[in-house]
Structure formats: C-alpha cells, structure tokens
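Accompanying notes for the structure given below.
The values are calculated or read from the model by the stated rules, or taken from the named source; none is laboratory data. What you are looking at is a predicted structure, and each value in this text was computed from that prediction instead of being measured. We place every Cβ from the backbone using ideal geometry, glycine too, and count neighbours over all the protein chains shown. Note: areas computed on protein heavy atoms with side chains; ligands, DNA, RNA excluded. Shrake-Rupley method; radii C 1.70, N 1.55, O 1.52, S 1.80 Å.
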Amino acid sequence: MGIGAAARSAPEAAAIVTLHHRVTFGELDDRSRRLAGALAREGIGRGDRIAVFSANRPEVLEVCSGALRAGVVPVPVNALLTPPEIAYLIDDSGARWLFTDDRVEEHPALDKVVTFGDAFERLLHEAEPVDVADVTLGRPMHYTSGTTGAPKGVWVAPHEPDVARRISQGFRKLWGIHAEDVHLVCSPLAHSAPLRFSLRTLEAGGSVVLQPRFEAEETLAAIEMFGATSTFMVPTHIERILGLGRKVQARYDLSSLRLLAHAGAPIRDNTKRLAIELFPHGSVWEFYGSTEGQATRISTDEWLRKPGSVGTPIPRADVVVTDGDGAPLPPKEVGEVWVKEATGERFEYWRDKRKTRAAWRDGRFSVGDLGHVDEDGYLYLDGRKHDT
C-alpha cells in the first residue's frame, strides 16, 4: 500500500482525525506532495534536515510524511524542551527550516520558520505538488540522551524505495496493521514510537486519531468514540488510566481495541496485571527497543507465563547478553544487551564517530542496557550500564 496508493484507491477515506478536523487521504497526499514541492523549490532535498516543534496536530504528520516520502529527514523537537535545548538540536542537526505551532524566535542557523496556520497554508497553496514515494524513505532523526551526555541524533540515511517499502511492510506485518485500523495517538508525535506507528498506519491505508495531549478519561472516551483498534502508551499513561477507578473505566466500551503496545520504561507487575484485566483479552503487548532500533516483544499470554520479561526477539532480530569482554553469557547471568536490528539498518550518532563506534560490535548495537535471558530465550532487563 502506501499513502499515495491509499489516496488513489480511497481519496475520501479518513487519514487523520481530531475532534474538530478531518484530513482525507486525497488531501493528505496532495498536501504532503506540496510540502515536498515547497522544500524542493528552496533546494532542500534528499538527506537534508528540517525541524518540527509542535504539539500533536495533523500538520505534523503532513510535514513528516511529505518530507520522508521525498527523502528529507524531519528532526522532531519535544515541545517540553527549553529554548537552549531547542537551539542545541537545531544547531547540531543542521536543520534548515523549522515548522512550529508556537512563536519561535528566528534562529541564525535556520533559513526559514513556518508557523502552522495561515503561514503554513500559504506555503502549501503557493507550492507545486511533486512526485514522491508512496512510503517514507527513511526515519526521522530523533535525539536521545540516554542517561549521560548531550543529546545524540540517531541518523539513518534515506533508503531507496524498494528497501523502504520492505521495511514498511515488515513493521505492518509485525503488528498486524491494515487498512481497517484506527490508531489512537495519545503520546507526543515528537517521540519515535508514536510517530512510527502513525506513519505505518497511514501507509496501510488506516486512520490516525490525534489527541492534543494525554488525558486518562479522554483517552478511554476516544477509544469508544472513534472505535480505536490500536494505540501506543508508556506505563505512566496506563497507571493514570488505572487510577480513574473501575467505576469510571466501566463507562467506556473498549472492545474495539486489539493492540495496546507499551514500552519506554519498565512497568510494575501489578500495573501490567490490572491493564490485562481492563483491556480486551490479548490486546496488551510490550516491546523492548530504543530510538536506535527494535529488539523484542511479548504478548499478554506469554507475559503471564513469564512475568517481568520483555519477550523474545522479533523476526529477523537477534539479542545477545555479553560480559565486559564481549563474550556471550549463559542464561540467567546479567550482562550488557546487544541487538541485531530486524530491518538490517545501521544507524550512526549524528556527527559523533566515537559514540557510533562504541555503540556497535559485530553487527549488533547496545544502548547500555543490562539484562539476562532465561532458559527459553526470554529477555529480562536489569538496569543500565551507566547507572552501575
């Protein structure tokens, strides 16, 4: 499939939905291609960076999809960052344009600041749509700080269309994403997992529902109102929903949900068990990964057999736990977790060869997590290397 194919086959179908706005696939495709045209007109092309600093709104997905389909790399900027942190990301990434929903001071490194609203609409209106790929050709460059040091940009060069199509199809197959899906976004699109799930849902021809910010009861109401079939949460979101109490939870029909994927932090055993009770049977899946790449996942039933585990490697991925010298450790012994990415992609830390070299060994990467595997190959996390 792909966004372009979805636009050709069902141009009036809903692509992006909020409480007050609806973007069809025909509109999304046109606006994405116009965005790419506006960038191309100013000489911004494959491998160049643009920054996006905004709360959740349809324009974020229009900019990211249009840029990535043209091989331009968005740099999402978390709306909670301070002005010095924002300036650092702009300077370090070399972003040439900034798209924002806020009043941001002109920055000397930027060629242009485009504010969502009239300025953005004018930019699209004046641009000529250009041909772009049906699927996104690469990843945004997200910044991750881990536990130490300055934020690091995770860079993967844009792919050729056939490789990009294979990677997109692999992710959609892994999570069963299809054209009938309605994906609810309740986490910031500036984070890698919410943005990835959103773009892959659009590439499958499914709809994406945006919440401007997470509110526990509003999230339950949105699942019922829009018939959401999938969502991504972090454990804090789940805890806030559980904190509403059973009386409030019972007001909402959650039966449409087939997938609640969670990651981003360890989840408490009791939180996980209560979530499994609240949401439809089999819908709660946990995965382990990072901005750098994905490693494992675990279903509801597997977790009940292996409480505390983050699962086994996803197809074509590999996970090895090693000692300080890089030698593989036997089951139950704690060491550093090394991952072979399922897609075969090899990231770099932007403009930091030393940190890139340190992150890779024998075709696997590590972000400094410690863990162990059991006798059945299930991974358990035991903290961070830099915390010890």
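Quick notes on this structure:
- Looking across segment 332-350, the residues that are hydrophobic (A, V, I, L, M, F, W, C) and either part of a strand (DSSP E or B) or within 17 Å of V320 (Cβ to Cβ) (or both) come down to V334, V337, W338, V339, A342.
- Search result, residues across segment 185-207 that are of a type in the set (A, V, I, L, M, F, W, C) and either closer than 19 Å to W285 by Cα or in a helix (DSSP H, G or I) (or both): V185, C186, A193, L195, F197, L199, L202
- Single unsatisfied condition, T271 versus (1) open to solvent by 70 Å² or more (accessible area, probe 1.4 Å); (2) under 28 Å from A190 (Cα atoms); (3) in a helix (DSSP H, G or I): (1)
- Whenever a residue of segment 23-51 is at positive phi, its partners that are in a strand (DSSP E or B), lying with C-beta atoms within less than 7 angstrom and at least six residues away or across chains, give the pairs G47/V73.
- Test: residue in segment 231-248 that is closer than 15 Å to L184 by Cα, among the aromatic types (F, W, Y) and open to solvent by 50 Å² or more (accessible area, probe 1.4 Å): no
- Taking first residues from segment 249-264 that are more than 18 Å from E215 (Cα to Cα) and partners that are aromatic (F, W, Y) and open to solvent by 10 Å² or more (accessible area, probe 1.4 Å), the Cβ contacts under 6 Å between residues at least 6 apart in sequence or on separate chains come to A263/F287.
- The one condition in (1) closer than 27 Å to P313 by Cα; (2) of a type in the set (K, R); (3) out of contact with any strand residue (DSSP E or B) (no Cβ under 7 Å at 6 or more places or on another chain); (4) open to solvent by 30 Å² or more (accessible area, probe 1.4 Å) that R122 fails to fulfil: (1)
Here is a yes/no grid of residues against (1) under 30 Å from W360 (Cβ atoms); (2) not β-branched (V, I, T):
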{"site": "I238", "(1), (2)": "no, no"}
{"site": "R246", "(1), (2)": "no, yes"}
{"site": "S256", "(1), (2)": "no, yes"}
{"site": "L260", "(1), (2)": "no, yes"}
{"site": "P266", "(1), (2)": "yes, yes"}
{"site": "D269", "(1), (2)": "no, yes"}
{"site": "I276", "(1), (2)": "no, no"}
{"site": "H281", "(1), (2)": "no, yes"}
{"site": "E302", "(1), (2)": "yes, yes"}
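- Residue satisfying condition, being open to solvent by 10 Å² or more (accessible area, probe 1.4 Å), modelled with pLDDT of 95 or more and over 19 Å from S192 (Cβ atoms), within set R41, R49, R103: R41
- Selected residue (criterion: most open to solvent (accessible area, probe 1.4 Å)) from residues of segment 52-96 that are among the polar types (S, T, N, Q) and in contact (Cβ under 8 Å) with a residue 60 or more places away in the chain: N78
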